[in-house]
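Read the structure below first, then the notes.
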Amino acid sequence: MTRLPSTWGVRPAYARGVRALVETVSVDGVLVRLRTMAPAGRRRDALAPTIVLVHGIGMSHRSFARSQRVLSRSHRTIAVDLPGFGGLPPVGRRLEVHELADVVMWAVRSRGVHECVLVGQSMGSQVVVAAALHHPDAVVSVVLVGPVVDDRHRSLPWLAAALGRDGLVEDARMNVVLLTDYFRSLRQYVRQLTPMLRYPMLDAVAALRVPVLVVRGSRDPISRSAWAGRLTRAARDGTLVELYGGHHVQEHQPGPFAELVDEFRQARSLEATR
C-alpha cells in the first residue's frame, strides 16, 4: 500500500453520551475509524505517549470499551476500528498484517500522535508488533493482550474450538459484542484469516527493539500460558502478566488492566531516562 496523504478524509462526530471524538479517516481509499478519549477532552498531548488500542479479528473498538474509559482518565487514548470492521465497509480484498499496521500508524499520526504505546488484542497484537517494526520512531512500547497465533496450533479447527471454549468464559456483555461484531464484519473477517494464520509472530517479536508486555487471561483457551511464555522470552525486553479472565481479559478486568499498562509505561519511561 502506498501512502498518499492527499487522500485523507476526516468526518468528525461526537459519540452521544460519552466523552469521545469519533473520526473516520481514509488512507489510500481504505477507511479506518478512530475513537479518541482523553482527560478533560484533551485531543493533543505532547507530555506523554498516546495509548493506541487495536482490536482483534472480527471485533471493533467495543472490545476496549471498558478499558479505554479507565485508561482515558489519565491518558490520551485512541481506539481503532480496522478497515472492514466495526461497521466500516469491507475492503474487497485481504490486507496483510503490515498493511493494517501502516494504516493504523498513518491514521493516528494524522491526529497529531508522535509517540505512542500500542496495545493490541488477539489479531491486533500482530498489527501492533508490525507497526512497531515498520514505525520504530513513533512507538515506545507494545502491549500484547491474548496474542495470537500459537505456532504450535496454527489451524482453523483448533482456533474455532478454542474460540467456542472462550465463549463459556466471557461474560454476557462480551459475548454479545463478539456475536454482533462478527456478524457485521463477516466478509472482511473471512479475508483476514489467512494473513492472521501465517503471520510469523514469534520471529516478529524477537525483532522488536522496544519493550514488550504480554498480558493473558488466566482462563484464556486461545492464547495459552506456554505460548505467552515463549513469546515473552523471544522479546529482547519482555514481561508477562496474567490477570483473571478469558481472551478479552482487558474488558473483564478493566481497572487492573489499565493500572498494569500505566505501570509498564511509567517503568519503561523511567528506565529510558537513566
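Structure above, values below:
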read-out: Filtered residues of segment 89-128 (kept if assigned to a loop (DSSP other than H, G, I, E, B), open to solvent by 10 Å² or more (accessible area, probe 1.4 Å) and over 17 Å from Q250 (Cα atoms)); value: P89, P90, V91, G92, R93, R94, E96, S110, R111, G112, H114, E115
read-out: Qualifying residue in segment 57-67 (condition: of a type in the set (F, W, Y) and farther than 28 Å from G245 by Cβ); value: no
read-out: Test for D137: is it open to solvent by 10 Å² or more (accessible area, probe 1.4 Å) and in contact with a helix residue (DSSP H, G or I) (Cβ under 7 Å, 6 or more places away or on another chain); value: no
read-out: Where a residue in segment 164-178 is closer than 17 Å to Q253 by Cβ and its partner, wherever it lies, is open to solvent by 30 Å² or more (accessible area, probe 1.4 Å), with Cβ under 6 Å and at least six apart; value: V169/R219; V177/R62
read-out: From F85, F183, residue being crowded, with 24+ Cβ neighbours inside 10 Å and more than 12 Å from the chain's Cα centre (by Cα); value: F85
read-out: Members of segment 152-165 that are open to solvent by 60 Å² or more (accessible area, probe 1.4 Å) and either part of a loop (DSSP other than H, G, I, E, B) or under 19 Å from V127 (Cα atoms) (or both); value: R152, R154
read-out: Selection status of L168, open to solvent by less than 30 Å² (accessible area, probe 1.4 Å) and modelled with pLDDT under 95; value: no
read-out: Condition check for A79: modelled with pLDDT of 95 or more and open to solvent by less than 10 Å² (accessible area, probe 1.4 Å); value: yes
read-out: When residues of segment 173-218 are limited to those that are part of a helix (DSSP H, G or I) and of a type in the set (K, R), the one nearest to T239 (Cα to Cα); value: R198
read-out: Answer residue from segment 247-264, given it is open to solvent by 40 Å² or more (accessible area, probe 1.4 Å) and under 19 Å from L118 (Cβ atoms) and is modelled with the lowest pLDDT among those; value: E263
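Residue by residue, here is whether (1) surrounded by 14 or more Cβ atoms within 10 Å (Cβ to Cβ); (2) closer than 14 Å to M123 by Cα holds:
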residue	(1), (2)
Y189	yes, yes
S225	no, no
T232	yes, no
G245	yes, no
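The values are calculated or read from the model by the stated rules, or taken from the named source; none is laboratory data. None of these values were measured; they are calculated from a predicted model. FYI the Cβ positions are ideal-geometry reconstructions off the backbone, even for glycines, and counts take in every protein chain you see. These area figures cover heavy atoms from the full protein model, side chains too; ligands, DNA and RNA do not enter into them. Shrake-Rupley method; radii C 1.70, N 1.55, O 1.52, S 1.80 Å.
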